[in-house]
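Scroll down for the structure; my scribbles are underneath it.
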Amino acid sequence: MKKKMLLLNTTVLLGLGGVLSTPAYASTIQDMESQKSQIQNQRQDVQSNIKAASDELTRLQAEQDQMKAQLERLTLAEEENNKKAQKTEADIKETSKQVDQLEKEIKLLQEKLEKRNDILKDRARSMQESGGNVEYLQVLLGSSSFGDFVDRALAVSTIVDADRGILTETKNMQDELKTKQADVKSKLASLEDMKAELDEMTVQLAAQKKQKDALAKELKDKEAKNEELKASLQSKDSSLANEQSTLEQNIKDQKAAEEAARKAAEQAAKEAAKKAAEQAQKAAAAPSEKADSSSPKAAPKASSNDVAPTSAPAPKASNVVTVGNRWIGNSAYVFGGGRSQSDINHGLFDCSSFVHWAYSQVGVNLGPLGSVSTETLKHAGTQVSSSQMQPGDLVFFDTYKKDGHVGIYVGGGKFIGAQSSTGVAIANMSSGYWKQKFNGRVVRI
């Protein structure tokens, strides 16, 4: 009987041990842990790529914002320059009308003077034939021109009153003619300057339009790349979320399976122990057998701790040459711009207003902002030789007119100024276009 009981207890324990060891689950847990480690490594790589992509998106967005701001400035500059071009054209038309009117008046005066000239000639000839005043004839013969004759004749005191009236009227007409002719020349010169200014403005508008179109295309390309990058990020993020969700669900399912296996093992152990106890009790109650104090004790109750738990894995004046750098790439050229706070706030300058602004930032006043021009600036300081040029000096260029452009020398053969095609920028005056246009005028403030 003792042998039978020993065999029974051994069988129960072996069977219980087989239930509690669950090699299939152990293998699954090991695989899950390995998979989880791999996914965690992949996730770290993806998160690193997402961060890099996010940083690139931030950089691109900042660049887009800057380009949009520049496009807005160029659009505003284009509108302002168009207004000025239209006004200049209107001024040219008005001046042309004035010139036409003056030329008509000059023609009438010349016709009247010709008539006066004929009258005076007839009177002089009549006087000569009739043996008239010798002094009057000497004046007539000694004059070098008709105008000289009139001046001489008026000085003769012996002229008859009728002749004096004709001569005085003729003199006034001559003076009026000279005044009108001078006026016409002045207006024509002004007209030529306005025309040159308009031509230059047209070139500048075309350059700004080209720059604006190039920026718009560049912005569009960057936006397309930005959208592509954004879509890629969203795809990566979605893939990562799916992997994470799958992993979490697998872990949850595995934990549930482990818990179910643990409870089943506990229940099997209880039932096996109960059955063993019942069989032992029946054996002890049999009359042919005696209790044996050395009989093996019932197998101890299995503890839940027998199942190994799974674990989860773990300004000075000298600064004038650099003070304008803030506007490089953030400004636009406007003919006559930069003379209001609104223009300055938007970075809209022409060459002379930029120079005025730059010097004002270091405490130097170059006169009223509203009337600043290349003409006022070239008289604002001391003229020095170009061989003695130093940073901070004003340098002048002959563009659409003499001294039509001004900038601030920064050294190394370069100057900073508001250029028509770039806005505020540093340009090279030791070669190319600006070397050809530099006229040698240097003004030290």
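Between Thr75 and Ser373, how high is the FRET efficiency from 1/(1 + (r/R0)^6) when r is the Cβ-Cβ distance and R₀ = 41 Å? Nearest 0.05.
Numbers: r = 26 Å, r/R0 = 0.63.
For R0 = 41 Å, the calculated efficiency reads 0.95.
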Modelling each spin label as a point 7 Å along the Cα-to-Cβ direction, I'd like the Asn428/Leu219 distance in nm, to one decimal.
3.0
Excluding same-chain residues fewer than 8 positions from Lys282, which lysines have a Cα within less than 25 Å of its Cα?
Lys2, Lys3, Lys4, Lys270, Lys274, Lys290, Lys297, Lys301
With every protein chain present, what accessible area does His379 have (1.4 Å probe, heavy atoms only), rounded to the nearest 10 Å²?
130
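Of all the Cα-Cα pairs you can form in region 161-244, what percent are over 15 Å apart?
Value for region 161-244: 79 percent of Cα pairs lie more than 15 Å apart.
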As straight-line cross-link partners of Lys68, the qualifying lysines (C-alpha separation under 23 Å, not fewer than 8 residues apart within one chain) are Lys83, Lys209, Lys210, Lys212, Lys217, Lys220, Lys222, Lys225, Lys230
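What order, most packed first, do the peptides 220-229, 345-354 have when packing is the mean number of other Cβ atoms within 10 Å of each residue?
345-354, 220-229
What FRET efficiency comes out for Gln436 versus Gln101 if R0 is 41 angstrom and r is the Cβ-Cβ distance? Round to the nearest 0.05. The partial results should precede the final answer.
Numbers: r = 40 Å, r/R0 = 0.98.
Using R0 = 41 Å, I get an efficiency of 0.55.
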Computed FRET efficiency, Cβ-Cβ of Ser190 and Ala62, R0 45 Å: what is it to the nearest 0.05?
0.40
Report the Cα-based extents of region 383-435 along its three principal axes, largest first, to the nearest Å.
29, 21, 18
Please work out how much accessible surface Trp434 shows to a 1.4 Å probe, ignoring ligands, DNA and RNA, in Å² rounded to 10.
40
Could you work out how far apart the two model spin labels at Glu228 and Glu169 are, taking each label as a point 7 Å from the Cα in the direction of the beta carbon, and quote it in nm?
8.8
Between Ile251 and Ile119, the two model label points (7 Å from Cα along the beta-carbon direction) sit apart by a distance in nm of 11.9
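The values are calculated or read from the model by the stated rules, or taken from the named source; none is laboratory data. Not measured: the values here are computed from a predicted model. As a convention, Cβ positions derive from the backbone with ideal geometry for all residues, glycine included, and neighbour counts pool all protein chains shown. All accessible areas refer to the heavy atoms of the entire protein, side chains included, with ligands and DNA or RNA removed. Shrake-Rupley method; radii C 1.70, N 1.55, O 1.52, S 1.80 Å.
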